[in-house]
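Reading through the structure tokens given below for one structure.
The values are calculated or read from the model by the stated rules, or taken from the named source; none is laboratory data. Predicted, not measured: the structure shown is a model, and the values here were computed from it. So basically every Cβ, Gly included, is an ideal-geometry build from the backbone, and we count neighbours across all protein chains shown. Ligands, DNA and RNA are excluded from the accessible area calculation, which covers all protein heavy atoms including side chains. Shrake-Rupley method; radii C 1.70, N 1.55, O 1.52, S 1.80 Å.
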Amino acid sequence: MFLGSSAVEQVAVNHRVGGSSPSRGAIFGFAMFLSVKSKTFLIGEYAVLDGASAILLATDPSFCLEAESASVGELAGISEGSPAGIFYRRHEEFFDRLRIKFIDPYNGSGGFGASSAQFVLLYRLVYGDDSSCEHLLSTYKALTPNICVSGADCILQYYGSNICFNPDSISIDFLNWSFSNLAFRVIKAPVKVSTHRHLANLSFRCPDELKECIDLAKRAFSATDEELLIYSVNRYYDIMDRLGLALGETRDLVKKIRAIPGVKAAKGCGALGADTIVIIYTRGMEDEIFPLLS
């Protein structure tokens, strides 16, 4: 596919795996534009670190990467100490004739997977869209050897679809949101926790009650059981809170959101449930619910 680091030349590909269709981008001359979705843990953060499954949602807006040939390599929008920055330095020969710019639609506010998106976008430049999950994960984990990471966010962003990911078997199920009476929206939580710093000091064993919630959520998607989905998402967050894994500011906001008519479930997502808040609500009630949160 790639003809070398002096020029990025590739035929646009619509690559499908299990029904997913990641955006490969438009190719114009010697320039490439790549994009990957935002990610949110619907359920399974923390548990996935101990071998349990996790369900993640892919949403817009997307993170983007512009790459074009240049006489001297240049990297903008990615810090040197990040996993993507380390990956870039380890592949300097590939990147040395490319001008690369990362575009964050959230302007650095965090919470939707910017760090993993940076890595996935650079990884796709080097390896394309046909790499294996095992190679993607092993490459990512080698960049963070002292931190326990699952790589689930990387998997979602590489394939661009809602997924259920199991880290033990490295298996992926692609999920459709088929709940006709329910819609969801993901909003930014009030406080951002540094995920990598948090995980660096974390030792976690997943209790059975969290695993049971994940199993219920998986069953809910399989059977399109709306009540089971609502129950599992709410209960998972409540258990996180009881275990001391829910930041107070986000927890208080989640309680207020759950009290709004039409809201069926609300949960803080990510590290300490403080990356984002996912809100599951009665479809069609957007105009009644979200003005109350502005």
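Among the conditions (1) basic (Lys, Arg); (2) open to solvent by 30 Å² or more (accessible area, probe 1.4 Å); (3) over 26 Å from GLY248 (Cα atoms), ARG124 misses just one, which is (2).
For the range 257-268, the criterion of being open to solvent by 80 Å² or more (accessible area, probe 1.4 Å), part of a helix (DSSP H, G or I) and without any contact (Cβ under 8 Å) to a residue 60 or more places away in the chain is satisfied by no residue at all.
Considering SER23, SER71, which residue is part of a loop (DSSP other than H, G, I, E, B), at pLDDT below 95 and touching a Ser or Thr at 6+ places or on another chain (Cβ under 6 Å)?
SER23
Determine, yes or no, whether ARG205 is at pLDDT below 95, part of a loop (DSSP other than H, G, I, E, B) and open to solvent by 70 Å² or more (accessible area, probe 1.4 Å).
Yes.
Out of the helices (runs of 4 or more DSSP H) lying entirely within the range 83-161, which hold 3 or more residues that are more than 25 Å from ALA271 (Cβ to Cβ)?
92-95, 114-127
Flag not set for ASP168, criterion: in contact (Cβ under 8 Å) with a residue 40 or more places away in the chain, closer than 20 Å to GLU226 by Cβ, open to solvent by 10 Å² or more (accessible area, probe 1.4 Å) and charged (D, E, K, R). Within the range 51-79, if we keep just the residues that are more than 20 Å from PHE33 (Cβ to Cβ) and open to solvent by 20 Å² or more (accessible area, probe 1.4 Å), the residue that is nearest to the chain's Cα centre (by Cα) turns out to be SER79. Per the listing VAL278, VAL254, the residue uniquely within 13 Å of THR40 (Cα to Cα) and open to solvent by less than 30 Å² (accessible area, probe 1.4 Å) is VAL278. Being under 28 Å from GLY108 (Cα atoms) and out of contact with any strand residue (DSSP E or B) (no Cβ under 7 Å at 6 or more places or on another chain) is the requirement here; does LEU245 meet it? The answer is yes for LEU245.
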